[in-house]
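The values are calculated or read from the model by the stated rules, or taken from the named source; none is laboratory data. Keep in mind it's a predicted model, so treat the numbers as computed, not measured. All Cβ positions, glycine included, derive from the backbone under ideal geometry; neighbour counts span all protein chains shown.
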Amino acid sequence: MKFDVMTLFPEMIESYCSYSILKRAIDSGVISVSTINPRDYTLDKHKKVDDTPYGGGAGMVLMAQPYVDAYETVQKVEKSITVMLSPQGEPLNDKLVNDLAEYDQIIMMCGHYEGFDERIRDIIKPKEISVGDFVLTGGELPALCLMDAVSRKIEGTLGKIASADEDSFSNGLLEYPHYTKPREYRGLKVPEVLLNGNHKEIAEFRLQQSIERTKLKRPDLYDRYKDSI
């Protein structure tokens with residue numbers, strides 16, 4: 001998987017990708033991450049990428065020319081998708097993450113200030129994706145969320161792909177509780193069923209725990225799960 005991130009702050013992306021699982025995935029060639037800074041494509045000698053909005057109003061708007069020119073330099077593979085991180089976009093969820101993981105390249109556009117000149121959308125026609133009903137200072141954190149989530153779905157990123165298959169939301173439920181050593185801590189014991197080696201009983205216990213946890217914490221998900229069985 002090739003990730004290309006258009007950002008005014010490439011250091012934010014590069015720093016996050018230099019640690020932990022994403023770093024190992026990059027080092028092993030499972031994914032690649034490149035950054036493109038629209039400031040490098042502005043025609044203004046001061047590297048200006050924003051200006052005041054026509055019609056008035058607070059804040060600044062990202063100009064079309066640097067972003068479109070920067071985008072057009074990205075080498076695209078056959079199975080590529082372009083994503084704009086935006087509060088106006090489709091909510092990012094596990095199904096969408098799985099869909100995105102089927103591509104070979106994801107180009108991500110990170111906004112700032114009051115957002116993009118609308119002509120950027122008109123020309124590039126990206127798929128808009130939101131990480132929630134709230135507004136952030138920029139698109140870098142949502143881009144990293146998307147990149148991290150998609151990378152987990154790609155064979156070779158995690159030690160075992162089953163780790164992603166059993167995550168919360170993968171089957172419409174929240175994930176079951178986990179335990180590790182010691183068997184008892186401050187009077188709290190690991191459930192006996194997890195110690196008996198009976199894989200069928202363990203699977204049934206975990207499923208029941210997932211159902212109960214979802215019912216308690218996310219009744220909306222639980223209702224959808226009930227309707228699906």
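When restricted to residues that are in a loop (DSSP other than H, G, I, E, B), basic (Lys, Arg) and touching a helix residue (DSSP H, G or I) at 6+ places or on another chain (Cβ under 9 Å), segment 1-54 contains 2.
Residue check: is VAL74 under 20 Å from THR42 (Cβ atoms), part of a loop (DSSP other than H, G, I, E, B) and among the hydrophobic types (A, V, I, L, M, F, W, C)? Yes, satisfied.
Taking the criterion of being in contact (Cβ under 8 Å) with a residue 40 or more places away in the chain, of a type in the set (A, V, I, L, M) and not in a strand (DSSP E or B), the residues of segment 90-135 that qualify are LEU92, VAL97, LEU100, ALA101, ILE120, ILE123, ILE124, VAL131, VAL135. Within segment 49-87, how many residues turn out to be farther than 16 Å from ILE36 by Cβ and hydroxyl-bearing (Ser, Thr, Tyr)? Counting residues in segment 49-87 that are farther than 16 Å from ILE36 by Cβ and hydroxyl-bearing (Ser, Thr, Tyr) gives 3.
Summed over segment 55-92, residues that are in contact with a helix residue (DSSP H, G or I) (Cβ under 8 Å, 6 or more places away or on another chain) and either at pLDDT below 95 or within 19 Å of GLU128 (Cβ to Cβ) (or both) total 13. Among the residues of segment 61-71, at least one is of a type in the set (A, V, I, L, M, F, W, C), assigned to a helix (DSSP H, G or I) and more than 16 Å from PHE9 (Cα to Cα). Can you find, within segment 75-89, the residue that is surrounded by the most Cβ atoms within 10 Å (Cβ to Cβ) among those that are in contact with a Phe, Trp or Tyr (Cβ under 9 Å, 6 or more places away or on another chain) and either of a type in the set (A, V, I, L, M, F, W, C) or without any contact (Cβ under 8 Å) to a residue 12 or more places away in the chain (or both)? My answer is MET84.
The requirement of being touching a Gly at 6+ places or on another chain (Cβ under 7 Å), within 24 Å of VAL135 (Cα to Cα), assigned by TED's automatic domain parsing to the domain that holds ILE31 and buried (at least 16 other Cβ atoms within 10 Å of the Cβ) is not satisfied by VAL97.
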